[in-house]
Amino acid sequence: WIGMLRPLNSEIFRFVSEAFHSLISPSICEVCQSRILELSSISKHICSVCEAEMPAFPDPNLVKNELFSNYSASELAISNAYALMRISSDHPWFRLIHALKYDSMPGIGLELGVLLGEELAKRGAVGFTAVVPVPIHHARLRERGFNQSDSIAKGIAQATGAQFRPNIVFRSKYTTSQTKLSSSERKSNVSEVFVINPKLNDMPQHLLVVDDVLTTGATLNSVAMALLCGGAVRADAAALVKA
(Lines give C-alpha, C1' and ligand atoms only; values in the text may rest on other atoms or scores of the structure.)
Protein backbone atom coordinates (compact mmCIF):
# COMPACT_ATOMS: atom_id res chain seq x y z
CA TRP A 1 0.00 0.00 0.00
CA ILE A 2 3.00 2.28 0.42
CA GLY A 3 3.61 2.06 -3.31
CA MET A 4 0.02 3.15 -3.92
CA LEU A 5 0.60 6.27 -1.86
CA ARG A 6 3.50 7.53 -3.96
CA PRO A 7 1.40 8.78 -6.90
CA LEU A 8 -1.01 10.37 -4.41
CA ASN A 9 1.87 12.10 -2.65
CA SER A 10 3.09 13.46 -5.99
CA GLU A 11 -0.38 14.83 -6.75
CA ILE A 12 -0.54 16.47 -3.32
CA PHE A 13 2.94 17.94 -3.78
CA ARG A 14 2.03 19.47 -7.12
CA PHE A 15 -1.22 20.89 -5.76
CA VAL A 16 0.44 22.41 -2.69
CA SER A 17 3.40 23.71 -4.70
CA GLU A 18 1.24 25.48 -7.26
CA ALA A 19 -1.10 26.78 -4.55
CA PHE A 20 1.89 28.13 -2.63
CA HIS A 21 3.23 29.82 -5.76
CA SER A 22 -0.16 31.45 -6.29
CA LEU A 23 -0.21 32.57 -2.68
CA ILE A 24 3.16 34.29 -2.72
CA SER A 25 2.68 35.81 -6.18
CA PRO A 26 -1.07 35.77 -6.86
CA SER A 27 -1.01 38.36 -9.61
CA ILE A 28 2.39 38.16 -11.31
CA CYS A 29 2.59 37.38 -15.01
CA GLU A 30 5.04 34.53 -15.67
CA VAL A 31 6.01 36.13 -19.00
CA CYS A 32 6.71 39.78 -18.15
CA GLN A 33 7.09 39.28 -14.38
CA SER A 34 4.84 42.29 -13.76
CA ARG A 35 1.68 42.52 -11.69
CA ILE A 36 -1.34 41.29 -13.63
CA LEU A 37 -3.87 44.09 -14.05
CA GLU A 38 -6.03 42.04 -16.41
CA LEU A 39 -5.82 38.28 -16.85
CA SER A 40 -5.40 36.80 -20.30
CA SER A 41 -8.14 34.62 -21.77
CA ILE A 42 -5.79 31.65 -22.17
CA SER A 43 -4.06 31.29 -18.80
CA LYS A 44 -4.27 32.42 -15.21
CA HIS A 45 -0.48 32.78 -15.34
CA ILE A 46 -0.37 35.37 -18.16
CA CYS A 47 -1.54 38.97 -18.39
CA SER A 48 -3.69 40.27 -21.24
CA VAL A 49 -0.85 42.48 -22.49
CA CYS A 50 1.47 39.49 -22.98
CA GLU A 51 -1.34 37.46 -24.53
CA ALA A 52 -1.69 40.15 -27.20
CA GLU A 53 2.03 39.75 -27.96
CA MET A 54 2.09 35.95 -27.97
CA PRO A 55 4.43 34.54 -30.65
CA ALA A 56 2.65 33.20 -33.73
CA PHE A 57 1.97 29.52 -34.38
CA PRO A 58 4.85 28.45 -36.71
CA ASP A 59 4.26 26.80 -40.08
CA PRO A 60 4.27 23.01 -39.46
CA ASN A 61 6.04 22.42 -42.78
CA LEU A 62 8.95 24.61 -41.68
CA VAL A 63 9.08 22.91 -38.28
CA LYS A 64 9.35 19.48 -39.91
CA ASN A 65 11.74 20.58 -42.66
CA GLU A 66 14.21 21.81 -40.06
CA LEU A 67 14.39 18.29 -38.66
CA PHE A 68 15.93 17.14 -41.95
CA SER A 69 19.06 19.11 -41.07
CA ASN A 70 19.63 16.46 -38.38
CA TYR A 71 17.98 13.41 -39.93
CA SER A 72 17.78 11.77 -43.32
CA ALA A 73 14.36 10.76 -44.62
CA SER A 74 15.01 7.14 -43.60
CA GLU A 75 16.04 8.16 -40.06
CA LEU A 76 13.10 10.43 -39.35
CA ALA A 77 10.27 8.53 -37.66
CA ILE A 78 8.11 11.64 -37.25
CA SER A 79 5.51 12.22 -39.97
CA ASN A 80 4.45 15.76 -38.98
CA ALA A 81 5.81 18.18 -36.38
CA TYR A 82 4.04 21.03 -34.61
CA ALA A 83 4.90 23.70 -32.05
CA LEU A 84 2.77 26.29 -30.30
CA MET A 85 5.45 28.95 -30.71
CA ARG A 86 8.95 29.40 -32.04
CA ILE A 87 11.22 31.22 -29.58
CA SER A 88 14.76 31.13 -28.23
CA SER A 89 15.60 30.24 -24.64
CA ASP A 90 16.15 33.92 -23.74
CA HIS A 91 12.70 34.99 -24.99
CA PRO A 92 10.30 36.19 -22.23
CA TRP A 93 7.73 33.52 -23.17
CA PHE A 94 10.32 30.81 -22.45
CA ARG A 95 9.88 31.69 -18.75
CA LEU A 96 6.65 29.71 -18.93
CA ILE A 97 8.63 26.58 -19.80
CA HIS A 98 10.98 27.19 -16.87
CA ALA A 99 8.05 27.72 -14.49
CA LEU A 100 6.34 24.57 -15.75
CA LYS A 101 9.45 22.42 -15.52
CA TYR A 102 11.33 23.69 -12.49
CA ASP A 103 8.79 25.60 -10.38
CA SER A 104 6.28 22.74 -10.17
CA MET A 105 3.51 24.52 -12.09
CA PRO A 106 1.88 21.82 -14.27
CA GLY A 107 -1.18 24.04 -14.67
CA ILE A 108 0.82 26.03 -17.21
CA GLY A 109 1.40 22.87 -19.24
CA LEU A 110 -2.29 22.00 -19.20
CA GLU A 111 -3.38 25.50 -20.27
CA LEU A 112 -0.84 25.76 -23.09
CA GLY A 113 -1.54 22.16 -24.09
CA VAL A 114 -5.20 23.05 -24.55
CA LEU A 115 -4.16 26.04 -26.64
CA LEU A 116 -1.89 23.87 -28.80
CA GLY A 117 -4.65 21.30 -29.22
CA GLU A 118 -7.05 24.03 -30.34
CA GLU A 119 -4.50 25.26 -32.90
CA LEU A 120 -4.11 21.72 -34.25
CA ALA A 121 -7.88 21.34 -34.50
CA LYS A 122 -8.18 24.63 -36.41
CA ARG A 123 -5.74 23.31 -39.00
CA GLY A 124 -7.31 19.87 -39.26
CA ALA A 125 -4.16 18.26 -37.83
CA VAL A 126 -6.07 15.88 -35.55
CA GLY A 127 -5.90 12.49 -37.26
CA PHE A 128 -4.22 10.99 -34.19
CA THR A 129 -6.32 8.95 -31.77
CA ALA A 130 -3.91 8.96 -28.82
CA VAL A 131 -1.59 11.51 -27.23
CA VAL A 132 1.63 10.13 -25.75
CA PRO A 133 3.81 12.27 -23.44
CA VAL A 134 7.57 11.78 -23.68
CA PRO A 135 8.31 9.70 -20.57
CA ILE A 136 10.94 10.58 -18.00
CA HIS A 137 12.93 8.02 -16.03
CA HIS A 138 11.41 6.91 -12.72
CA ALA A 139 14.43 8.30 -10.86
CA ARG A 140 13.90 11.75 -12.38
CA LEU A 141 10.18 11.46 -11.67
CA ARG A 142 11.04 11.00 -7.99
CA GLU A 143 13.36 14.02 -8.12
CA ARG A 144 10.91 16.35 -9.87
CA GLY A 145 7.63 14.94 -8.62
CA PHE A 146 5.91 15.06 -12.01
CA ASN A 147 6.46 14.78 -15.76
CA GLN A 148 5.89 18.15 -17.43
CA SER A 149 4.99 16.48 -20.72
CA ASP A 150 2.03 14.76 -19.04
CA SER A 151 0.23 18.04 -18.37
CA ILE A 152 0.82 19.27 -21.93
CA ALA A 153 -0.44 15.99 -23.40
CA LYS A 154 -3.52 16.10 -21.15
CA GLY A 155 -4.33 19.58 -22.45
CA ILE A 156 -4.00 18.50 -26.08
CA ALA A 157 -6.15 15.44 -25.44
CA GLN A 158 -8.77 17.60 -23.75
CA ALA A 159 -8.91 20.00 -26.70
CA THR A 160 -8.94 17.36 -29.44
CA GLY A 161 -10.88 14.49 -27.93
CA ALA A 162 -7.98 12.07 -28.38
CA GLN A 163 -7.02 9.60 -25.66
CA PHE A 164 -4.34 10.51 -23.14
CA ARG A 165 -2.02 7.46 -23.11
CA PRO A 166 0.96 7.95 -20.76
CA ASN A 167 1.78 4.26 -20.29
CA ILE A 168 2.44 3.10 -23.84
CA VAL A 169 6.17 3.73 -23.75
CA PHE A 170 8.77 3.96 -20.96
CA ARG A 171 12.28 5.38 -20.60
CA SER A 172 14.57 2.48 -19.73
CA LYS A 173 17.72 4.49 -18.95
CA TYR A 174 18.50 7.56 -16.89
CA THR A 175 20.06 9.98 -19.38
CA THR A 176 21.81 13.29 -18.96
CA SER A 177 20.02 16.51 -19.92
CA GLN A 178 19.95 17.27 -23.64
CA THR A 179 20.31 21.01 -23.05
CA LYS A 180 24.07 21.42 -23.53
CA LEU A 181 24.67 18.56 -25.96
CA SER A 182 25.45 18.85 -29.66
CA SER A 183 23.08 17.46 -32.27
CA SER A 184 25.02 14.19 -32.62
CA GLU A 185 25.37 13.88 -28.84
CA ARG A 186 21.61 14.36 -28.43
CA LYS A 187 20.94 11.50 -30.85
CA SER A 188 23.35 9.21 -29.03
CA ASN A 189 22.05 10.22 -25.60
CA VAL A 190 18.49 9.04 -26.33
CA SER A 191 19.24 6.22 -28.76
CA GLU A 192 17.24 3.10 -27.87
CA VAL A 193 16.28 4.35 -24.40
CA PHE A 194 12.52 4.16 -24.98
CA VAL A 195 10.74 0.80 -24.80
CA ILE A 196 7.14 -0.25 -25.32
CA ASN A 197 5.20 -1.30 -22.23
CA PRO A 198 5.31 -5.13 -22.29
CA LYS A 199 1.79 -5.20 -20.79
CA LEU A 200 0.34 -3.10 -23.63
CA ASN A 201 -2.65 -4.81 -25.24
CA ASP A 202 -3.50 -2.28 -27.94
CA MET A 203 -1.16 -0.06 -29.91
CA PRO A 204 -3.01 2.93 -31.44
CA GLN A 205 -2.28 3.26 -35.15
CA HIS A 206 -1.78 7.04 -35.24
CA LEU A 207 -0.22 8.79 -32.25
CA LEU A 208 0.92 12.28 -31.29
CA VAL A 209 4.11 12.34 -29.20
CA VAL A 210 4.35 15.39 -26.92
CA ASP A 211 7.26 17.21 -25.23
CA ASP A 212 7.81 20.68 -23.81
CA VAL A 213 10.60 21.80 -26.17
CA LEU A 214 11.56 20.66 -29.66
CA THR A 215 15.16 21.50 -30.55
CA THR A 216 16.86 18.96 -32.83
CA GLY A 217 14.01 16.47 -32.48
CA ALA A 218 16.25 13.74 -31.01
CA THR A 219 14.00 12.84 -28.08
CA LEU A 220 10.71 13.00 -29.95
CA ASN A 221 12.12 11.04 -32.88
CA SER A 222 13.49 8.35 -30.57
CA VAL A 223 10.06 7.92 -28.96
CA ALA A 224 8.38 7.89 -32.39
CA MET A 225 10.80 5.23 -33.61
CA ALA A 226 10.00 3.02 -30.61
CA LEU A 227 6.28 3.41 -31.28
CA LEU A 228 6.62 2.49 -34.96
CA CYS A 229 8.75 -0.52 -34.08
CA GLY A 230 6.08 -1.46 -31.55
CA GLY A 231 3.32 -1.59 -34.15
CA ALA A 232 2.09 1.98 -34.65
CA VAL A 233 1.54 3.06 -38.25
CA ARG A 234 2.23 6.76 -37.81
CA ALA A 235 3.67 9.10 -35.17
CA ASP A 236 3.43 12.88 -35.27
CA ALA A 237 5.16 15.18 -32.78
CA ALA A 238 4.17 18.33 -30.93
CA ALA A 239 5.84 20.65 -28.44
CA LEU A 240 5.05 23.94 -26.79
CA VAL A 241 8.24 25.49 -28.11
CA LYS A 242 10.38 25.07 -31.21
CA ALA A 243 13.74 26.38 -30.09
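The values are calculated or read from the model by the stated rules, or taken from the named source; none is laboratory data. Keep in mind the model is a prediction, meaning the values are calculated, not measured. Heads up, the Cβs are rebuilt from the backbone with ideal geometry, glycines too, and the neighbour counts pull from every protein chain shown. Side chains are part of the model used for accessible areas, which takes the heavy atoms of the whole protein and leaves out ligands, DNA and RNA. Shrake-Rupley method; radii C 1.70, N 1.55, O 1.52, S 1.80 Å.
The table that follows gives values for the structure above.
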item: Built amide H within the under 5 Å cut-off of residue 28, gap 5+; result: 36
item: Accessible area of the range 104-239 divided out per residue, in Å², using a probe of 1.4 angstrom; result: 42
item: Relative contact order (percent, whole number), the range 54-159, Cα cutoff 8 Å, 6+ residue spacing; result: 28
item: The chain: relative contact order in percent, alpha carbon pairs under 8 Å with at least 6 residues between; result: 21
item: Among 184, 96, 156 - extreme Cα towards positive end, dipole of the range 93-243, charges at beta-carbon; result: 184
item: For residue 169, residues with placed amide H under 5 Å, excluding near neighbours; result: 197
item: Surrounding net charge for residue 54, when Lys and Arg each add one and Asp and Glu each subtract one, Cβ distance under 14 Å; result: -4
item: Carbon and sulfur %, accessible surface of the chain computed with the full protein complex present, 1.4 Å; result: 55
item: Radius of gyration, Dmax [the range 183-243; alpha carbons; angstrom]; result: 11.9, 36
item: Most to least packed among 118-129, 145-156, 176-187 [average Cβ atoms within 10 Å]; result: 145-156, 118-129, 176-187
item: Reported label for calculated P(r) over Cα pairs in 10 Å bins from 0, in percent given (i) 8, 32, 37, 19, 4, 0; (ii) 8, 36, 40, 16, 1; (iii) 6, 16, 20, 19, 17, 13, 7, 2, 0, 0; result: (i)
item: Whole-Å semi-axes of the range 134-243's equivalent ellipsoid (Cα gyration tensor); result: 20, 16, 15
item: Sum of -39500 (n - 2.57) over DSSP H runs of 4+, divided by residues of the chain (222 nm, nearest 500); result: -12500 deg cm²/dmol
item: In sequence order, calculated HN-Hα J values of the range 212-223 (Karplus, 6.51, -1.76, 1.60; Hz; x Gly/Pro); result: 7, 10, 10, 10, 8, x, 4, 5, 4, 5, 5, 5
item: For the range 104-115, 3J(HN,Hα) per residue [Karplus equation, 6.51 cos²θ - 1.76 cosθ + 1.60, θ = phi - 60°, Hz, x = Gly/Pro]; result: 6, 10, x, x, 5, x, 5, 4, 6, x, 4, 4
item: Cα gyration tensor of the range 53-108 - equivalent ellipsoid semi-axes, whole Å, descending; result: 26, 14, 10
